[in-house]
1. With a Cα-only, solvent-free Debye model of region 319-446, what are the log10 I(q)/I(0) values at q = 0.09, 0.17, 0.19 Å⁻¹?
2. Please give me the summed charge of the neighbours of Gly223: other residues whose Cβ is under 15 Å from its Cβ, Lys and Arg +1, Asp and Glu -1.
3. Less than 15 Å Cβ to Cβ from Ala186, Lys/Arg counted +1 and Asp/Glu -1: what total charge do the surrounding residues give?
4. Just grab the label-to-label distance for Asp443 and His361, each label 7 Å out from Cα along the Cβ direction, in nm (one decimal).
5. Given a Förster distance of 56 angstrom, what is the FRET efficiency for Thr407 paired with Phe307, based on the Cβ-Cβ distance and rounded to 0.05?
6. Angle between the Cα long axis of helix 68-78 and the longest principal axis of the chain, 0 to 90 degrees, nearest 10?
7. Among the lysines, select those whose C-alpha is under 18 Å from the C-alpha of Lys9, and discard any that sit fewer than 8 residues away in the same chain.
8. Give me the Å³ per residue figure for the convex hull around the C-alpha atoms of region 153-315.
Amino acid sequence: MPTTSSSEKRSVLVVDDAPNTVELLERNLSSQGYTVFTAPGVPEALTILQATPIDLVITDQKMPRVSGLDLVRYVRENLRDTEVIMITGYPSIEGAVKAVKIGAEEYLAKPFTDEELLSAVSRAFEKMCARRREKAATNHETPPPYGLIGESAPMRQVYRAIAKAASTSATVLIAGESGTGKELVARAIHYGSPRASASFVPVNCGGIPESLLESELFGFTRGAFTGATETRAGFFQTADGGTVFLDEISETSLNMQVKLLRVLQEKEVRMVGSSRGRKVDVRILASTNNDLPTLVKKGLFREDLYFRLNVIAIDLPPLRQRGDDILLLVRYFTEKISKELGKTVPRFTPEVLHILRDCHHWPGNVRELENLVHRLVVMTEAECIQTPDLPPYMRFSVLYEPDLNRTLAEVEVEYIRNVLASVHGNKTKAAQILGIDRKTLRDKIKNGVEDPDD
């Protein structure tokens, strides 16, 4: 039987509580060019499956704590493209039927020969390849939409979700850390939808005072409150026929959540000062960097509104999980910013690219990366950006072991100071990178962080 070439190397996870069986399977599969992972039981196997892409799982049926049948069921319900082979020392027709029924591709009874094992593995991979070819024939790879950059598997999944969301009128909840590009995703959905010719109206729910949010969203009539000298339409009326993007929806009060729920249910808004509602044709997209289910459990977010918003869910991956996308983004921002500034596009040394890709955690995600590249292009006069050009906190992460004797407060102060320095003291940008509002940042500056403007 021919071994697999490096270009088509497959990963196999062997799960068995018998060390001799694991050793035998690992030796035989490795000799055929497969990358083999092993686990003595289902709990250990789940840890591997959650962290590593696996093409084929070979599992024993009877094991302590959790059975192989439960693992087969888990793979089938959670991992769309992973194959499963069940092996057992207690073969029975009933067991074979049950294993195949819940999703095992093959059922091998111990003892089996090397040829029987490798033939079963080969058949499983043939089925996997056939299914992937069929999927590729019907689903062409979705290109990156509306300014989004990235070719990693997590981002490809986001692109597919955007394409599906754009084809419907359902509400969409976009979740992700601060700086991951939630508004870009919302724009991509809007401009890929039948509503593209109408308005896209973004609303920063956390940036508008609670006392003004209702009148900004729904409008107000003349005389509705002091200073209301004329009737003015709100964001929902402005977006009639289009899309309203409610950024950071978790920042709204429970009272405002009730009013937003009414808009979703009744498709009408009531201006402040008016006793009559007005019908609007608006699609709502919302985003959050908080865990809404947790807020629901704490009574800080309405469960009915959460379910209304979460018809389609899109989770944006943090930058640290996107691998080579970081290098694509570095190149894009470098060329873009250099062109805007009329400068020659600088090069990055391999050491700098290694630090950016593998050594920094990127708490501010894409927004933080863009700010860093902007700073480097502006401040560096040489043709090549080297490690000493990076901010001190990045160089320290490479050159020194972390000081584990500091308090959490001390670490926080240092990090905030570094972020402020990286954006030249711009508190609005710093607050965005840190994922906090300006008031919280001012309080932290007052309580120990040096203000670069002083």
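Throughout, read-outs are computed from the coordinates displayed, never taken from laboratory work. Just so it is clear, the structure is predicted and the values come from calculations on it, not from any experiment. Backbone-built Cβ (ideal geometry, glycine too); neighbour counts: all protein chains shown.
1. -0.27, -0.94, -1.15
2. Here the charged neighbours net out to +1.
3. Details: positive: Lys164, Lys182, Arg187, Arg195, Arg283; negative: Glu183, Asp247, Glu248, Asp315.
Spelling it out: positives minus negatives among the neighbours equals +1.
4. Result for the modelled spin labels: 2.1 nm.
5. Working: r = 41 Å, r/R0 = 0.73.
The value I calculate is 0.85.
6. Here the helix axis deviates by roughly 40 degrees.
7. Partners found: Lys127.
8. On the way: hull volume 17.6 nm³, N = 163.
Spread over its residues, the Cα hull of region 153-315 gives 108 Å³ apiece.
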